[in-house]
Structures are given as C-alpha cells and as structure tokens.
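Below is one structure, written out as structure tokens, with a few remarks after it.
No lab work stands behind these numbers, since they all come straight from the coordinates. Keep in mind it's a predicted model, so treat the numbers as computed, not measured. Glycine gets a Cβ as well: all are built from the backbone with ideal geometry, and neighbour counts include every protein chain shown.
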C-alpha cells in the first residue's frame, strides 16, 4: 500500500468544461501521467448534465441524427489522431463521393456553386463564366482579380473588405458570406479574415492574387477533385455511429473523473493550490486548472484572479444557433437531392441559413428508402429567428423546404436543438486580443485556458487547444514534483 507521504505527493488537476476541448485536455493529462509514470488525479467539472458539448448524436429507428457538428476536417490531423489513440480508427468514415456538390440559393432556386470554387474564389474561370450564379458584370469582376494590386500593410481586415476588394460584391453576397460566414454564423462586416481563413491572406501576400494562389496550390497538390464545388468535401470525416462516438470514447476512458452538474462560480488561490467552488457550495482543491468553458464563462471565473484577462475574455462575443433534423421518405422529394446540401445567402432574406442531407453525405445515416435532412437557423444575421418558439422555427423550416425543395409532405420525425451562445465570433482584431489574453494567462501559475473561443472553432482545433493546454500544465506539474 502507498504510504501517507506518497499519497500526499499525488498532484491534482481540474479541468473546467466538458466539451470536446475539456475532454481532450483531461484525457491528455491522463495519457501523459501514464507515459511519464507520474501520479496525477484529474477531475473534469461540467456544469450541465452531459458532456460533449454540441457533439450529440441521436440513434433511433435506423437513423443517425446529429444535433450539432456532423463532421470534421481531416486535413487538421488532431481529431483523427485522437480518435485512433482511442481505438476509433476503424470507425472513421469519409463523405460519399457521388454527392460531393454544394448548391446556393439564388432568386429562390438552387444553383450549383461553380466547380473549383473554394470558399472565396475560383481556381479556374471557365466554370465561373458558365455558371448562372453571377451576372456578366460579376463574372468580369472576378476575372480582374489577378490584376488587383495586393494590399501592402498587415492590418487585420474583415471578410467583407477582403472579398469585395479582391473579387467584388457579388462573390461576397453569393458565395463568401453564406459559405465562409456561415461556418461562424457571422456578420462578414465584422468577421476577421486573418483569424478565420488566413490561407487567403497568405495567397494575396505571396502571389499577389487569390486566384493565382489557388492555382499554385492545385498544382502543388495535384488536386484530384476539380469537379467538386463549394467546400472540399473529400476532406470531411465522421464516425460510423455518429460524431458522439468521440466524446463517448473519451468519457469511457475518463470514467469517474467526470463530475456533472458542477457549475463553477468561484475560483481562488489557497496557498499553492486552486480552490474551485460550485453553485452547490462544493469545493475542489487542485494544483493546476484548465478552463475550457466559453470565453464569457471563463471571464466570470477569472475575474477575481486576473481582471485584465477576464475583461478581454468578456469582449469575445457569441452567437446562438439551432439545428432542425427532419426525416422523410425518398418518395416525398419530387426530385432526388443531388448534393450534400445548400447554403442560403443573407440577401435572399430567407429564414434558414443552410440545409443539408445527412443521409447523402455519409453512409448509414438513414434506413433504405428514407432521407435524413437538416436545417440551420440563427446566427448574427438571423437573431430574430432565435427569439421564435420551437413550433415557429419548425414551421419556418418546413416552409423553406417546401419553397426551395418542393417538399409538401409532413416529415416523419422532427428534432430541434437550440445552441444558445455557442458560436464565438472571430471579429476583426481577434488574433491580437487572443495573443494578449494568452500573454496574461501565461503569468497565472498552474493555469491554462482552451476551447473554441481562441484559435479555431472546428473539432480538430478544439482537440488541439485542449491537448496543448494539457501539455503545458503537465510540464508545470512535473517540474514541481
């Protein structure tokens, strides 16, 4: 049996927040402790009654229904690598090649985004000139992009400013806003291009042109998917049993380390340790703390300890959104969908921001003869929708599907999920603000932050953020041992 003295030498780490960043951080701490053979107790404190954040999958009657994110980028390796370490490598699946197209709503009709168009710009002008998506003047403006002088200074710039400056307003309104802005449910006038899509900034800097940069990238990678429109769908992955497979596997590994319904309302130093107090009055002592809660929650927790960092965290704003999943029979569609989904530009003034067909995007998402579809509602440009009742949101989605897809049948099932204050807004100046936050947080002993609010909102970004925080905290604890 270990001696009392040995027991007292065990370090304790607390992770606040049970989203994917928090779960990744906690698991990484456990991995490092096992590898380095250093005793470490890890406690994950989640304010709600479940962990996983927006990664939640409903498995029912042969359907695999995602209430939040339905996939992640495979080119960012951190999520797939974590999945493999958890034994989920064989569960990873890619999108179905046959339906890898994206549509955009134009004047109430679904129009395919030109082949080779990558979020903001095309690599080739031929498909653009053949497309009905842009006017003649809009197409000519796109063709002028290689001749537009590159910007000389390095100041941050909004998505709207960057796209209109390089490619014109039609590209912004018809493609960039619904595709790039839609990822962040953001206002393109405020969304930072450097914080969200830095590769386009680098293309302008290096090649003097986004189109030239895309062509160079295509040649360098010997791109195989020139006929794929919109997002590069071949680079998206999920799991056979749904995205919840990842947090479920992490939860199984962490076991009794997870404490739910533990809302942290106060944090203070007690000697050389941290004291975390929940709304129920329970206290947890820890040698180190990682906070992965949203920035506004992190600001509240940090306020008594580091008011300057807390003030900056509080300046990161958030948007709310909702997903509505609907199941239909294939025969309910007058014409079968031939794409993963569609996006809806704000200038169309509709009540949804996008729609997708989950059962076309991934294998095994619906029984034979059925279609699983979903709609996205809300965001900064649609705040009024989030004030609607559940019934009103579902009715609006059905109206839009009726208008855009000619589906008049009643869906067999409907699942609505609201995600209030869930989407951090990477506004102009975001990277400078985050750098200052990180500098101030680095001065706090045995403390770190992680999550979607800082350097990436995607699943791989959150995994990486959590693991990096865990690496720093473990090194600090190990050096004190």
Compute the long axis of helix 459-480 from its Cα atoms, compare it with the longest principal axis of the Cα atoms of the chain, and write down the angle in degrees, 0 to 90, nearest 10. 20
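Nearest 5 is fine: what % of DSSP beta bridges in the chain come out antiparallel, could you say?
So the antiparallel bridges amount to about 75 percent of the total.
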For the pair residue 418 and residue 154, the simple spin-label estimate (label points 7 Å beyond Cα toward Cβ) gives in nm 4.4
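Calculate, for residue 387 and residue 331, the FRET efficiency according to 1/(1 + (r/R0)^6) with r their C-beta to C-beta distance and R0 30 Å; round to the nearest 0.05. Let's see the in-between values first.
Details: r = 36 Å, r/R0 = 1.19.
That gives a FRET efficiency of 0.25.
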Mind giving me the nanometre distance, one decimal, between the label points for residue 280 and residue 471, set 7 Å out from Cα along Cα→Cβ? 3.6
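Based on Cα coordinates alone, diagonalise the gyration tensor for segment 34-110, multiply each eigenvalue by 5, take square roots, and list the semi-axes in whole Å, largest first.
Values: eigenvalues 234, 70, 39 Å².
Result for segment 34-110: semi-axes of 34, 19, 14 Å.
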Read-out Rg and Dmax of the Cα atoms in Å, candidates (1) 22.9, 70; (2) 21.4, 69; (3) 23.5, 80; calculated match is (3)
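So how do 377-389, 353-365 stack up, highest first, on mean other-Cβ count within 10 Å? Write down the numbers at each step before the final one.
On the way: 377-389: 17.6, 353-365: 22.2.
Result, highest mean Cβ count within 10 Å first: 353-365, 377-389.
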Ordering of 100-108, 19-27 by burial proxy (mean other Cβ atoms within 10 Å per residue, highest first): 19-27, 100-108
Can you give me the Cα centroid spacing of segment 341-383 and segment 108-142 in angstrom? 22
If you fit an axis through the alpha-carbon atoms of helix 210-221 and take the longest principal axis of the Cα set of the chain, what angle between them do you get, 0 to 90°, nearest 10? 70
Per q in 0.14, 0.16, 0.23 1/Å, what log10 I(q)/I(0) does a Debye calculation on the alpha-carbon atoms of segment 116-224 return? -0.51, -0.67, -1.39
Report, in degrees rounded to the nearest 10, the 0 to 90 angle that the Cα long axis of helix 20-36 makes with the longest principal axis of the chain. 50
Tell me the label-point distance for the pair residue 368, residue 479, using the 7 Å Cα-to-Cβ offset, in nm and rounded to one decimal. 6.2
For the chain the mean separation of alpha carbon contacts under 8 Å (6+ apart) over residue count, i.e. relative contact order in percent, is 25
So what is the 222 nm mean residue ellipticity for the chain from helices alone, if each DSSP H run of at least 4 adds -39500 (n - 2.57) and you divide by all residues, rounding to the nearest 500 deg cm²/dmol? -9500 deg cm²/dmol
Per-selection metrics, segment 225-353 (Cα): Rg and Dmax in Å: 22.4, 69
